[in-house]
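Step one of this worksheet: look at the structure below.
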Amino acid sequence: MLNQAISLELTLARRDVGLMLVVVLFALTLLVSVISGIGADTAETRAFETAAARVQSEWVDQPPKNPHEAAHYGILIYRPRAPLQAIEPGVLPWQGAVTFLEAHKRNLPMLSPASVRNADSRYGGTRFSPLLQLAGGFLALLIGYLVGAREARRGITPLVMGIGAKGSALVSAKALVIFAVVGCAAIPAFVAAALSLDTGDAGARFALLAGTSLLHLFTLAGIGVAAGLWLGAARAGLAIVVLTWAASAIVFPRVADSLAERAVPLTQKSINASISADFAKGPDGHAESEANARFEKATLARYGVAKKEDLPVNLDALLMQADEDYRGAVQDRRIAEADAVRARQDQLRALAWAFGPTPAMLDLSARIGSADASAQYRFDAAGEAYRRERTAKLNYHMAENSKTGDWDWKAESDWYAKFPAFAPPQLKVADDWPGLVPGLAALLAWAVLAAALLALAARRLDQTVRA
Amino acid sequence: MIGRLVRLDAALLRRSRLAFVTLLLLLGTGLLAVASGADWRQRYAGAADATLDTALKARGELVGIWDGIASGAVRPTDDNSYDGNGVYVPDPRDPYVAGFYNKQSAVLPAGPLLGMATGSTELRASSHIVNGNPLAGLMRVGEPAERVNPGALAAGRLDVLAFVLLICPLGLLALLFDASAREREDGIAPLLASIGATRPQLLATRGLVRGGLIWVIAVLVSVVGFLVIGADDPRRMALWLLATTIYVLFWTAICLAIAASRLGSVGAAATAGGIFVALLLVAPGIIERSLRPDGLIEARALADADLRAIMRRNGAPEAVDQTIDAVGKRYWQIDFASAPACARRAGALKDYSLRRLLDESYSSAIRDGASREALFDAKLDDWGWLVPSLGIRRGLEAVAGADPARQRGFEASVIDYHADFRDRVTRTILACGRFDRAEFEATPKFQWAEPAVPTASFWPAVIATLVASLALLSFALRPE
């Protein structure tokens, strides 16, 4: 029975010229989005890699220099590309991609690619995955509704059921065929994207993205078919379905963002103010302070000398490092507080997932591509860890090889070649797993709900005939 | 007849729960958009306040030193003999020192209608600290002072512009998707015809009543927005309302054209939904992506890398003299070999020359990037009108003062102000002069001249949308 129903639905779909035209147009749009995404990603990645290599070679080839001076000259690091950046850039275009690392300061990443994309559409964008989730999801829901409501609209439901069709087979066939039709439209783009994948775990991420995207499409096709079967006879049925989708995919996420910001406010000014207030209490490598005096006293005691000139190490360099250690701890604490506030905001933002599967899928897609907010935080944290490691190495080298007040002492040029280039750890999809669970759970919950709605719709069909 | 049909439609609307819920949700979302936009305006101003505080604090410290010098209570450090030990008290009379410690704020005020539209203000700079020796500070000239949670940035802020662009069309689709199919499917079209009501009259009435209701809400939300943000520029407000009106008219016309195509309720709803997705979700991105040149941000990233290279190379002793000579000849038209000894102060001049070189290199990169962006903008102005949601959005962002061109103008002004500031210091250095209190007090302040309402992107979009609306209306309301 199921096979017959599927065969019937496939035949009807094939004969529907309008549907086929929409599917072909959608497939072309997705394919163009993949090709355009690969082009943009290649250009950006090449430029950043070139710049990173240039910066590193300049560092390695620098002339003899005082290590702390070298720390002040600093170095730039460039955000590595996300594993699926060509098809899923996530939130990264709106975040700084370059960080200037220097002594004493934790600078925020700057130069966000979106800062020059003035008219870049934020309503879906042109990259493959967001386009598939938004436009493909809408298409699956819409066609699902129209196919689900077909018999009710024409008043032939009793006729169809009268020839012995089972509600479950009919409903399953409709959902499966719609899913297959919309899914087929995505296949050329999926293939093109798969051919452009890097090595590493990009393949695993891509497979997960493809799987969850298809589940999302199936969920919306199922909801559409169920809605068509339930509301097919009502004139406003389709309007209700379309409006509910638009509200869930476009309106509620923005409302949730706005409410989250108002409920748990956080401003850069407040973060900076708390950090500055704490800085004033600690050692300062370039100014006098009570903390400096305490540090000097403790260092003299540690080395058992009375004057800093008698120290076997350079007190200035140790003070610089004490400044780094203290400021690092302050920043860790204050940034952790800010991150906790952002996490609360993100939890509130997830309220939008309750109104439809698409917001959860969009979040999940960015996370699978390691292009979500946490990926940016990881880049920021990895850059800071790299900065601290380098700065400590520079300060201790100066401390151990020069005397207090000897600011003219220089490290040899070849010593700087021992500093490795910035290479943040590339997380595997398994490492990202905890962040994927909420989105996956929400998507699965919606899939289960869609299946339940289909089952209820099938039962209703059977009951309608019996009645 | 129209009057009777209006009364009939009003009665139908009063009884429709879908219409009631839609209007209520629309109004509620509109007011939330006003609150959200106003909240951003406040945060934007707060970020600028922080910059002002930094500049005022620095100024307060310098004033204290000037007072101390006058009373003899403070003895500034001599830069030539300072060995790194003891408290360093900057000498505001020394131009090399004053150039660094005399910090001035450059603040881009909130756009006249910021809050109605957020535009690029979340992504670019709103304030900057300027001094005679900017260096690393200049590298951040395009960076936002207030950072938003990354998770919220991609979706875009719910402001009045998002409400008008995205949510009002949804309201129109809900109220107008079955503008004529209802009567046809219920079999009451002949009844209406018997009282002399024609289909164009029925459609015109529906458009007038339902489109009018959404227009009233859009205007009401906009006016509440003006009041909440304290807008006081009548011309911009008028342009905002004009574009809003034409945009609502456009979507009303689309709904009426769909209704006139004699599709059934389902076909009409499906077509309307498809048009919504195509015009608002897909088309703007495709137009923008196909016009955008590659290498906009990359140029700046590479410029940063170049600057680091210049700085490091200049750490080499033999390179320092070369840099000083090159910079002196190129930018100051001076040969340091024959310049007064007082101007050629070893370490200070090295730093100053290097910074001048970096300034020029980075300013040039920023200006180059800005000119590329301006070309991109011009292309979008040429073609953006093809998609009303893109063209109207760009137009309204410009009217609100949240467009990237205004941000670029600010960045250019900061660079110019910095150059003037630096040249003032440089002249004193090269003349072997010293600043006095009066010159310190007379330090020019950053001035921002609000540009006239930019209409390059506004009128083509508004006119194209109006023409499209009229064409759709003439199709929808053509005689039977």
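Prolate is the label for the protein assembly as shown. Its Cα gyration tensor axes, ordered a ≥ b ≥ c, give a/c of at least 1.5 and a/b above b/c.
In plain terms, the residue of B:Tyr82, B:Tyr331, B:Tyr96 with the fewest other Cβ atoms within 10 Å comes first and the most crowded comes last, giving B:Tyr82, B:Tyr331, B:Tyr96. Calculated FRET efficiency, A:Ile163 to A:Ile187, Cβ-Cβ distance, R0 = 30 Å: about 0.35 to the nearest 0.05.
Between B:Gly151, B:Thr428, B:Val216, the Cα set farthest toward the positive side of the dipole of chain B (charges on each charged residue's Cβ, about the Cα centre) is that of B:Val216. Between amide H atoms placed 1.01 Å from N, distances below 5 Å from B:Ile334 occur with B:Lys329, all of them 5 or more places distant or on a separate chain. Each label point was placed 7 Å from the Cα along the Cα-to-Cβ direction; for A:Leu351 and B:Thr54 their separation is 3.5 nm. When A:Lys308, A:Lys281 are sorted by how many other C-beta atoms sit within 10 angstrom of their C-beta, beginning with the fewest, the order is A:Lys281, A:Lys308. Pairs exceeding 21 Å between alpha-carbon atoms, taken from A:Lys308/A:Lys403; A:Lys65/A:Lys281; A:Lys105/B:Lys445; A:Lys297/B:Lys57: A:Lys65/A:Lys281; A:Lys105/B:Lys445; A:Lys297/B:Lys57. Peptides A:282-295, B:357-370, A:164-177, B:114-127 ranked from most to least packed give B:114-127, A:164-177, B:357-370, A:282-295, packing being the mean of other C-beta atoms within 10 angstrom over each peptide's residues. Each residue of the stretch B:60-71 was assigned a 3J(HN,Hα) from its phi angle through the Karplus expression (A = 6.51, B = -1.76, C = 1.60, θ = phi - 60°), giving x, 5, 5, 4, x, 5, 4, 4, x, 5, 4, 8 Hz with x at Gly and Pro. Each of A:Val330, A:Val34 has some number of other Cβ atoms within 10 Å of its Cβ, and from fewest to most they run A:Val330, A:Val34. Annotation: amide H-H contacts under 5 Å for A:Lys65 (H modelled 1.01 Å from N, sequence separation of 5 or more, or interchain): A:Ala411. The alpha-carbon of A:Lys174 sits under 20 angstrom from the alpha-carbons of these aspartates and glutamates, leaving out residues fewer than 8 places away in its chain: A:Glu9, A:Asp16, A:Glu151, A:Asp462.
On the beta carbon distance between B:Ile2 and A:Leu12, with R0 = 51 Å, the FRET formula returns roughly 0.75. Per-residue ellipticity at 222 nm from helix content only, as computed over chain A with -39500 (n - 2.57) for each DSSP H run of at least four residues, stands at -22500 deg cm²/dmol. When you count the other C-beta atoms within 10 angstrom of each residue and take the mean per peptide, A:356-365, B:243-252 line up highest first as A:356-365, B:243-252.
Note: relative contact order over chain B, using C-alpha pairs below 8 Å and six or more positions apart, is 25 percent. The angle separating the long axis of helix A:357-368 from the principal Cα axis of greatest extent in chain A is about 40 degrees. Per-residue ellipticity at 222 nm, computed for chain B from helices alone with -39500 (n - 2.57) per DSSP H run of at least four residues, works out to -21500 deg cm²/dmol. Other protein chain C-beta atoms within 10 Å of residue C-beta, averaged over B:166-177: 3.
Note that chain A carries a Kirkwood radius of 25.9 Å, evaluated over its alpha carbons pair by pair. Our coupling estimate for the stretch A:170-179, obtained by passing each phi through the Karplus curve with A = 6.51, B = -1.76, C = 1.60 and θ = phi - 60°, is 4, 5, 4, 4, 4, 4, 5, 5, 4, 4 Hz, Gly and Pro reported as x. Listed by chain and number, the aspartates and glutamates whose C-alpha is less than 17 Å from the C-alpha of A:Lys393, apart from same-chain residues fewer than 8 away, are A:Glu69, A:Glu102, A:Asp316, A:Asp323, A:Glu324, A:Asp325, A:Glu384, A:Glu412, A:Asp414. Peptide B:327-334 has a mean shielding of 0, counted as Cβ atoms of other protein chains within 10 Å of each residue's Cβ. Averaged over the residues of peptide A:51-64, the number of Cβ atoms from other protein chains lying within 10 Å of each residue's Cβ is 4. Once the Cα-Cα distance is subtracted from the 0.36 nm per residue extended length, the A:Asp408 to A:Lys393 segment shows a gain of 3.6 nm. Taking a ≥ b ≥ c as the square roots of the eigenvalues of the Cα gyration tensor, chain B is classed as prolate, since a/c reaches at least 1.5 and a/b is larger than b/c. Summary value for the stretch A:2-466: 26 percent relative contact order, contacts being C-alpha pairs under 8 angstrom separated by 6+ residues. Let's test the formula: R0 of 45 Å, r as the Cβ-Cβ distance of A:Asn272 and A:Arg460. What FRET efficiency results, to the nearest 0.05? E between A:Asn272 and A:Arg460, to the nearest 0.05, is 0.15. Peptides B:197-207, B:416-426, B:394-404, ordered by how many other C-beta atoms sit within 10 Å of their residues on average, highest first, read B:394-404, B:197-207, B:416-426.
FYI, it's all coordinate maths here, none of it is from the lab. The shown structure was predicted, so the numbers you read here are calculated from the model rather than taken from an experiment. Here Cβ is always computed from backbone atoms with ideal geometry, including for glycine, and neighbour counts include all displayed protein chains.
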